[in-house]
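Have a look at the structure below, then the notes.
The values are calculated or read from the model by the stated rules, or taken from the named source; none is laboratory data. Predicted model only: the values in this text are computed from it and were never measured. Cβ sites come from the backbone with ideal geometry, for glycine too, and all protein chains shown count toward neighbours. Heads up: the accessible areas ignore ligands, DNA and RNA and are worked out on the full protein's heavy atoms, side chains in. Shrake-Rupley method; radii C 1.70, N 1.55, O 1.52, S 1.80 Å.
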Amino acid sequence: MKPQHERRKLKNYLFVNKAQVTIFVSNLILLLLVIGVVVVAVLSPFYSDIFKTEDIYLQNLSSKLFILLLERCTLAFFIILIPLLIQQVFVIHKICGPFVNFKKILNRISDGDFSQKIHLRRYDFFQKEGHQINGIIDNISNMLTNISDSQNAIVRDLDGLASLTGKSDPLAGALKNIESQTRRALNEVSRIKVIS
């Protein structure tokens, strides 16, 4: 069972963003256009036989065939349309879902939060790109952790040196200045959230 934070919300099963709707509508229009062209190509000879011939028998036969083919084309259209619509929803989710996830993580990164990684579903597209972004997050988190550890060590060493020197010693003032600069840098780095 998926963890609670990775579960999809019911409202997100059809369309999450504008890109999904755009892709879905454009594919639907293309499908309708293809089916329309096929129906016109199949039925147009019967239409001309119905209205451009004087033979009543041929008109009758052509009109019956026209109606029969029109009914069958309509049935075939719906038999094709329903699975294609379902397939489109799934494919669109596999393409657009990772983009939604990427956007959320990149927004967090821009706010200085490196504590989350990209989690893609099993058959989502862009798995390689997700792993690359996760690798970047890991590398930056490790670098920030190392910087923080180094700065903490410098502050400890500076505290030790300051205690060894006298208050009036010019070296004590320089050490105090270095210590305050290091603490300020440490405070800036500590505001960034990293993976624990």
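Filter segment 46-62 down to residues that are surrounded by fewer than 12 Cβ atoms within 10 Å (Cβ to Cβ), in a helix (DSSP H, G or I) and modelled with pLDDT under 85, then give me how many there are. Can you show your working first?
So in segment 46-62, the residues surrounded by fewer than 12 Cβ atoms within 10 Å (Cβ to Cβ) come out as 48, 51-52, 54-57, 60.
Then drop every residue that is not in a helix (DSSP H, G or I), which leaves 48, 51-52, 56-57, 60.
From what's left, modelled with pLDDT under 85: 48, 51-52.
Number of matching residues: 3.
With the condition kept exactly as written, say whether any residue in segment 105-113 is more than 19 Å from Ile192 (Cα to Cα) and among the basic types (Lys, Arg). Steps first, please.
Within segment 105-113, the first condition is being more than 19 Å from Ile192 (Cα to Cα), and the residues that meet it are none.
The answer is no, given that none of the residues of segment 105-113 is more than 19 Å from Ile192 (Cα to Cα) and among the basic types (Lys, Arg).
Would you check if there is a residue in segment 188-195 being at pLDDT below 80 and part of a strand (DSSP E or B)?
First pass over segment 188-195, keeping only residues at pLDDT below 80: 188-195.
When the remaining residues are screened for being part of a strand (DSSP E or B), the result is 193-194.
Among the residues of segment 188-195, at least one is at pLDDT below 80 and part of a strand (DSSP E or B), which makes the answer yes.
Among (1) within 33 Å of the chain's Cα centre (by Cα); (2) over 30 Å from Ile192 (Cα atoms), there is one condition Ser62 misses while meeting the rest; what is its number?
Going through the list (1) within 33 Å of the chain's Cα centre (by Cα); (2) over 30 Å from Ile192 (Cα atoms), Ser62 breaks only (1).
Report, by residue number, each residue of segment 130-165 that is open to solvent by less than 40 Å² (accessible area, probe 1.4 Å) and over 42 Å from the mean Cα position of the chain (by Cα). Talk me through it step by step, then tell me what you get.
Residues of segment 130-165 that are open to solvent by less than 40 Å² (accessible area, probe 1.4 Å), as a first pass: 130, 133-135, 137, 141, 144, 148, 151, 153, 155, 158, 160, 162, 165.
Across segment 130-165, the qualifying residues are Val155, Leu158, Gly160, Ala162, Thr165.
Of the residues Leu65, Leu85, Leu43, which is open to solvent by 60 Å² or more (accessible area, probe 1.4 Å), out of contact with any His (no Cβ under 8 Å at 6 or more places or on another chain) and touching a residue at least 12 places away in the same chain (Cβ under 8 Å)? Give the steps one after another, and end with the answer.
Working: Leu85 fails: open to solvent by 60 Å² or more (accessible area, probe 1.4 Å); Leu43 fails: open to solvent by 60 Å² or more (accessible area, probe 1.4 Å).
None of the other options fit; the residue is Leu65.
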